[in-house]
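Written below as structure tokens is the structure these notes are about.
The values are calculated or read from the model by the stated rules, or taken from the named source; none is laboratory data. On a predicted model such as this, the values are computed, not experimentally measured, just so you know. Note: ideal-geometry Cβ built from the backbone for every residue, glycine included; neighbour counts use all protein chains shown. For accessibility, only protein heavy atoms count, side chains too; no ligands or nucleic acids. Shrake-Rupley method; radii C 1.70, N 1.55, O 1.52, S 1.80 Å.
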Amino acid sequence: MTASPSAPPSSAGRRKVGFALCLVTMLLAVLDQNIVSAVTVPIVEDLDPARGIDRIPWLISAFALASTAVLPLYGKLCDTLGAKRVFLGAVAVFLAGSALCGAAGSMDQLIAFRAVQGIGGGGLMSVTMVVIAQLKGPDEKGGGKGSAVGGLVAGTGMALGPLLGAFLSDHADWRWIFYVNLPVGIAVLVTAAIALDLPHHGGVRRRIDFLGAALAAAFSTALLLVTEWGGREYGWGSPVILGLLGGFAALLALFLWRQATAAEPVLPLSLFASPVLRVGFAVQALVGLALIGAVVHVMLYLQVARGIAPTSASLFMLPMALGMAGSGLVTARLGRSPKASVISGTLCSAVAMGLLALTSADTGLWIVRGEMLLLGAGFGQVLGQLIVLVQRAAPRHQLGVATTAIRFFQTLGMSLGSALFGTVLARVYAAEGPGGSASGLAALRGAERGRAVEAFVSGVDVVFAVAAGLMGLALLLATRLRVAGESPGPSPREGTPLSPFPGAGPGPERGSAA
């Protein structure tokens, strides 16, 4: 039944159920994005022991490619069809992909089904933040607690994914990393269909820019393939990489042209007219860059330089997860302003990166754990709070596209960070280490191995130093955020007009329950 525009907000009980559903779905999405990396060997041994090792990069990246490509479309669908319908659809696609992955009979099937799962996973991670914003009562500004907890759940899931994958693989079968989603996801789907009560646009329909969504998917996929293949599968000057870069540039230009001319663009360029949104998108991209650099290269340092097994190295992510959880919960409980949290979080993260840049081949492992704890405390203050700022500044009728846009920029930042830091590490090692490439380090012995490890650690330290500089830039940008209450004029959420952009108009009201 559809309520009238003046219907009261959802009951406290329904809202709590809604928040719980959002957190569970985000955790599922982030776990599945990272869980496969821990079980690639059992998968290959089961499905294709002869040639499967060459398909591992596609197996790991299929989920990320698909989930990133559909993010802009999810935002527009939320603003057009209502967040509840899109949420239910994303969960259903994710479950279908999970079931297919668990039943896969070959590597090719598993890669294809991971892409299906990623299409749903992109919605689980982004649409849930739209749902959290819409679950707020009218007297709550910004939904800071929900988004803060959402951010720490996302970070915790990223840190714990490889551990859970290794546990299920050791005590059950690799297929259970997918099958375990089914009972949880079905419970979420049924509960959300019954209990999730969200506002929508009162029956107003808008056209969906499917061409713009396709161009966004195409240019982001080209960029992600460059970051996945560049310097690994193909040289940076190879025809394949140069062709992908040219395709990316052309597709991006077409996408921007389409967004400037379409009646209902999938990512309205008017969003960038808001200083808060511009800065928020930039900071989120920088956070994505630094985050991937920290996680990947701490794991590399532990395994290559210290000889720690992958599963044991994954345990070093626990202090980071603890820091994220602790600082996120404290931020939510204290009710600090999102801007203050972003500033202190970027500062804390920059300091932690700077300390990691001082790591040597014999640094105490408890020192590394402490630095990861500090790093998690910084990211825990940032993740989620930037989304709060963007949601406060976005026009009401563009809440979906603004929310998924910030996730889109974070994902692209993480992909660019993977390529940037991989190149930095390779260049430093090539200049200082024996053999010119770190790929043969494991075969070295004696003094030559010692020199190789020192060169490798030097490269990792440069990576952390660069990441510290990027977080310093994020800190500088965060100090320039001008949020509601700091300058004259009503908040876009509280006053009139609802849109700060010329000609955008107030947009339709979110008045009736979905």
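For the stretch 204-344, the per residue solvent-accessible surface stands at 42 Å², with DNA, RNA and ligands left out and a 1.4 Å probe. Note on the stretch 73-128: Cα-only Rg and Dmax are 12.3, 39 Å. Mean separation of Cα pairs under 8 Å and 6 or more residues apart, divided by the residue count, gives the stretch 32-127 a relative contact order of 37 percent. Of all the accessible heavy-atom surface of the stretch 332-399, with the other protein chains kept in place and a 1.4 Å probe, what percent is carbon and sulfur? Carbon and sulfur atoms account for 67 percent of the accessible area of the stretch 332-399.
Subtracting the Cα-Cα distance of residue 48 and residue 171 from 0.36 nm times their residue separation leaves 42.1 nm of extension gain.
Roll a 1.4 angstrom probe over the protein heavy atoms and tell me the percent of accessible area of the stretch 208-288 that is carbon or sulfur.
Details: 2420 of 3370 Å².
Ligands and nucleic acids excluded, carbon and sulfur give 72 percent.
What is the local net charge at residue 74, summed over the other residues whose Cβ is closer than 14 Å to its Cβ (Lys, Arg +1; Asp, Glu -1)? Intermediate results must be reported in sequence, preceding the final value.
Values: positive: 76, 84, 85, 407; negative: 79, 209.
It works out to a net charge of +2.
The simple Förster model, with R0 at 41 Å and r as the Cβ-Cβ distance, assigns residue 309 and residue 12 a FRET efficiency of 0.30.
Please work out the average accessible area per residue across the stretch 21-77, using the 1.4 Å probe convention, and give it in Å².
Values: 2010 Å² over 57 residues.
Ligands and nucleic acids excluded, the figure is 35 Å² per residue.
Label zone of residue 362 (point 7 Å out along Cα→Cβ, amide N under 18 Å): in the stretch 453-479 this covers 453-458.
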